[in-house]
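Have a look at the structure below, then the notes.
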Amino acid sequence: MSVDTPVPVTARSQPQVRAARYRRPAAFLAAFAVLFGTALTSGLYYYLVPHDKNWNVSQVMLILHIISGTLAFPVLIPFVISHQRYQEGRSLLLLMPWLAFRHRQDEPTRKYHQRLLGHTLNGSILVLILSGFLMVVPGLLWFAGIIWIPDYLAYQVSNAIHLGTALVAVGLLLVHLRGRRNANRGGGR
């Protein structure tokens, strides 16, 4: 074969085919990173900066937070599914995450820890999204003409869970990405 002749798909090695399939959802990961970062910064601004400083900016930050947080979830789903297939060869662990806690005999400890960290990250993002949804429900019902206001304590608990899991998710994401970077430097997957 000459240098200019494309390699047929059947002649490619399995890692090359898997890497080519994995590159496709990189756009979803980039979109998620932008949306998650926007939701995080706008949410922290809304939470930490007193609203009486500038009421209009705080409302813009709240709307930006809700929109970017809502859009981050459907963008993340294709990436998580393809990432799971790429790493494990199947998506079964997404539906039954308790299977991820099994340490396989032939599995390196580093990979096992990365897998546990990834599933914990997925769980924290799921709790983050659900707690955010619970805080948005009264507003959505109000737009539908139904007035329902939960107890103040329920709102505070949901808000604390939302803020706490956001910080936990950021920490887990940083540790997970650092582990991936170290694995790529070492040549292992």
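The values are calculated or read from the model by the stated rules, or taken from the named source; none is laboratory data. Keep in mind that this is a model prediction, so the values were computed, not measured. No Cβ is skipped: glycine too gets one built from the backbone with ideal geometry, and neighbour counts run over all protein chains shown.
So here's what we get for this one:
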read-out: Residue match in the stretch 81-91 (condition: surrounded by fewer than 13 Cβ atoms within 10 Å (Cβ to Cβ), modelled with pLDDT under 90 and of a type outside the set (Val, Ile, Thr)); value: yes
read-out: Residues being more than 28 Å from Ile81 (Cα to Cα), part of a helix (DSSP H, G or I) and of a type in the set (A, V, I, L, M) - total across the stretch 118-157; value: 5
read-out: Every residue from the stretch 114-124 that is of a type outside the set (A, V, I, L, M) and at pLDDT below 85; value: Gln114, Arg115, Gly118, His119
read-out: Residue match in the stretch 143-157 (condition: charged (D, E, K, R) and either more than 19 Å from the chain's Cα centre (by Cα) or surrounded by fewer than 17 Cβ atoms within 10 Å (Cβ to Cβ) (or both)); value: yes
read-out: Flag for Thr165 being within 22 Å of Ile67 (Cα to Cα) and touching a helix residue (DSSP H, G or I) at 6+ places or on another chain (Cβ under 8 Å); value: yes
